[in-house]
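The structure appears below as structure tokens.
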Amino acid sequence: MRHFSKPLRSLAEPSASPSAESDLPVWDLSDLYSSPEAPELGRDLSQVADAARTFAAQYRGKLSALVGAPQGGEALAEAIRAYEAMEDTLGRVMSYAGLLYATDNTNPVNAKFYGDMQERVTQISTDLLFFTLELNRLEDEAMAAALKAPALAHYAPWLRDQRMMRPYQLSDEIETLLHEKSVSGRGAWNRLYDETLGRLTFDIDGAPVALEAALHHLSDKEPAKREAAAKSLAKVFEANIGTFTLVTNTLAKDKEIEDRWRRFDDIASSRHIANCVEPEVVAALVDAVRKSYPQLSHRYYALKAKWLGLDKLEYWDRNAPLPEADDAHIPWASARETVLTAYRGFTPKMADIAERFFDNGWIDAPLRPGKATGAFAHPTVPSAHPYVLVNYQGKTRDVMTLAHELGHGVHQVLAAGQGTLMADTPLTLAETASVFGEMLTFRKLLADTKDPKCRKAMIAGKVEDMLNTVVRQIAFYTFERRIHTARREGELTAEQIGKIWMEVQGESLGPAIHLGEGYETYWCYISHFIHAPFYVYAYAFGDCLVNSLYAVYAQASEGFAERYLDMLSAGGTLRHKELLAPFGLDASDPAFWDKGLSVIRGLIDELEQEA
């Protein structure tokens, strides 16, 4: 089932103090629905509910006979087309409700509408749940015979991915119960987390500000302001740590129960299956990154401490700007031009698609109370178009975030041609387009910067972004594994969670950063842990993959753009091995990851030589 999800910008890293810029765009959701009371929304819900009941009456308990009959493949393809149309409608409804909720999750009207739509869509989709369950019970021989029909062969990638869950599928009754209870179970705890986080305020310079603005102060030029912001964050996190601990414990236990019933081999198995990636590939990535900590994060942060004239960085100095950094505000119009020029330099088609986001009200950029933190691109459904949310503050990192999310948006537009069931890309490959968009923009900015000191600051900023995308995310993945493993032995206290957090962060960041009092609570605002367990390694996967892809592009650019756009247009129809083959890359090769990590090492080498 297609539900609204908001994969936030992995770093949720601070970039600047709030901007007074008044011309930032606010998205126009009317391409989905004009309002929560829109007649067309009620009509769509009523029609899809009727269609789902009719579909269930026509096909429930009959797929085996249908496939075994003459022209069974054609008949099954017709059923899948009907199922896909209903999924598109349900996805449109939940996309609208979710995006409205992300606009202000402290607004009780938005929250009620989102909750009501969750309940209604879950109720309707319960009538459709049987379909994928019965498809998975079809014998391989029967499915292979049916797939000889061209109409059904079109859906072969979707059927392949659905059937990956065959060994872990439960009875129809239990699957229905899990589906219906998701609203009052996992979904409710997610809402509690979001709304708690959205209502927090932090004292910054004597004024209450929301989380996003408080985090931005961690990159202030003034050390005293960074320290004050860090301590304000820690104070509020500590005051609410009981709620965050309860949410974390409950969701980890909920996942353990379902994993045990499904007989998954590993705590991250469900994520690997969803990502269509082999566990050994992920293990090789994690091992390569952790072994590289000393040559990456440890070495860089020691350099940064030296540049700032410190023996050690405090944790609030990790994202401090360098003295050489350009602190000038970058207007929205300049950010737009920078990203579009970088994209156009790669291929005009990429820029043309990205430009539609600016021109058609598909971006929400201002910072405001109750708005979702970080940034994301949501694909909605192929019958509509994606939307991008950022919290734009006018710094170089915000321009890079915009480039990142528009990379997602371009990918989602191109993949929409695969239809509702096959447009979604596994998370590991979904991050490829976003990180590639960042790389194009970084290279454009660097090429335009001639002053050696500014170039140094820009390279250092890129290194920090890469460390946040690779080292930090693998540390997050390690933290999650330890939390979920420990939770199987019993409930965890806030102190136990904080201890694991400090150990993992200390290992990843290295001895040049002092993780002082208060930092033990900073795990609580990483929303990925709540919304999408084990999502985070996808960022490291994408960054290392893009580093290798960009090296291929730099060495032989002719024909690369066409192959790259073909890769994005494939959506979820191909696996990583098939997608990367045209570029001569293979993520299952253990040496592959070191190629990507060597790019980060090379940039740090360059900075060391200038030190």
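The values are calculated or read from the model by the stated rules, or taken from the named source; none is laboratory data. Only a predicted model underlies this, so the values are computations on that prediction, with no experimental measurement involved. Note: ideal-geometry Cβ built from the backbone for every residue, glycine included; neighbour counts use all protein chains shown. We work out accessible area using only protein heavy atoms, side chains counted, and drop any ligands, DNA or RNA first. Shrake-Rupley method; radii C 1.70, N 1.55, O 1.52, S 1.80 Å.
Values for this structure:
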item: Of all residues in segment 136-163 being outside any helix (DSSP H, G or I) and open to solvent by less than 60 Å² (accessible area, probe 1.4 Å), the one that is nearest to T573 (Cα to Cα); result: Y155
item: The lone exception for I459 - which of (1) under 30 Å from F237 (Cα atoms); (2) within 25 Å of the chain's Cα centre (by Cα) it fails; result: (1)
item: Search result, residues across segment 480-521 that are of a type in the set (D, E), over 27 Å from the mean Cα position of the chain (by Cα) and closer than 25 Å to L215 by Cα; result: E495, E517
item: Number of the condition not met by G510 [criteria: (1) surrounded by 21 or more Cβ atoms within 10 Å (Cβ to Cβ); (2) at pLDDT 95 or above]; result: (1)
item: Residue match in segment 1-21 (condition: modelled with pLDDT of 95 or more, within 17 Å of D364 (Cβ to Cβ) and of a type in the set (F, W, Y)); result: no
item: Extreme residue, surrounded by the fewest Cβ atoms within 10 Å (Cβ to Cβ), among residues of segment 97-135 that are among the acidic types (D, E) and either in a helix (DSSP H, G or I) or more than 23 Å from the chain's Cα centre (by Cα) (or both); result: D116
item: Members of segment 302-335 found to be of a type in the set (F, W, Y) and either at positive phi or out of contact with any Lys or Arg (no Cβ under 7 Å at 6 or more places or on another chain) (or both), listed by number; result: W307, Y315, W332
item: Criterion violated by V93 - all others in (1) part of a helix (DSSP H, G or I); (2) of a type in the set (V, I, T); (3) modelled with pLDDT under 95 satisfied; result: (3)
item: Pick from segment 342-379, criterion part of a loop (DSSP other than H, G, I, E, B) and in contact with a Pro (Cβ under 6 Å, 6 or more places away or on another chain), ranking: most open to solvent (accessible area, probe 1.4 Å); result: L367
item: Helices (runs of 4 or more DSSP H) fully within segment 164-220 counting 2 or more residues that are open to solvent by 40 Å² or more (accessible area, probe 1.4 Å); result: 172-181, 186-199
item: All positions within segment 407-429 that are part of a helix (DSSP H, G or I) and buried (at least 24 other Cβ atoms within 10 Å of the Cβ); result: G407, H408, G409, V410, H411, Q412, A415, T428, L429
item: Hey, A79 modelled with pLDDT of 95 or more, farther than 20 Å from D31 by Cβ, of a type in the set (A, V, I, L, M) and open to solvent by 20 Å² or more (accessible area, probe 1.4 Å) or not; result: no
item: Residue within segment 296-304 that is at pLDDT 95 or above, under 27 Å from G596 (Cα atoms), assigned to a loop (DSSP other than H, G, I, E, B) and open to solvent by less than 10 Å² (accessible area, probe 1.4 Å) present; result: yes
item: Set R487, R472: member being farther than 30 Å from K395 by Cα and touching a residue at least 40 places away in the same chain (Cβ under 8 Å); result: R487
item: Filter result for C454 (open to solvent by 10 Å² or more (accessible area, probe 1.4 Å), farther than 20 Å from L215 by Cβ, at pLDDT below 95 and in a helix (DSSP H, G or I)); result: yes
